[in-house]
1. Could you order the peptides 63-70, 80-87 from most to least packed, using the average number of other C-beta atoms within 10 Å per residue?
2. Students often check this: by mean Cβ neighbours within 10 Å, which of 40-48, 25-33 ranks highest, and how do the rest follow?
3. Of (i) 46; (ii) 32; (iii) 35, which is the value of percent of Cα pairs over 20 Å apart derived from the coordinates here?
4. Just from its helices, what would the mean residue ellipticity at 222 nm be for the chain, if runs of 4 or more DSSP H residues each count -39500 (n - 2.57) and the sum is divided by every residue, rounded to the nearest 500 deg cm²/dmol?
5. Taking amide H positions as placed in the peptide plane 1.01 Å from N, state which residues far from Phe14 in sequence (5 or more) or on other chains have amide H under 5 Å from it.
Amino acid sequence: MPPQHGPRRARIAFSDSAAKQLENITSESEIHALDRALVVVSVDPDVGEPIPGDTAGLQLRQYTDEVEAVRVLYFVTALRTVVVVAYIEV
């Protein structure tokens, strides 16, 4: 019997703004906190709360990890790619 795989994870991409924020992260604890949040979002892109606003385009969402004190702003593309718009430490 072939091995059973879990659901496919979403691919994570970063906006230019988020990429600049990543360049400034030097603390291992901050990297760990962000990694944890990104794994959660990649496994379930709908986990975050929708941010109210114009829904004509892509729906901006936010995921907050209370344990690691991280908030990630992102949207999900039609191909289920998660694009991180900003990484904001709470």
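1. 80-87, 63-70
2. 40-48, 25-33
3. The value matching this structure is (iii).
4. Taking each H run of at least 4 residues, the total per residue is -8500 deg cm²/dmol.
5. Val84
FYI, it's all coordinate maths here, none of it is from the lab. As the structure is a prediction and not an experimental result, all values here were calculated from the model. Cβ coordinates were reconstructed from backbone atoms using ideal geometry, including for glycine residues, and neighbour counts include every protein chain displayed.
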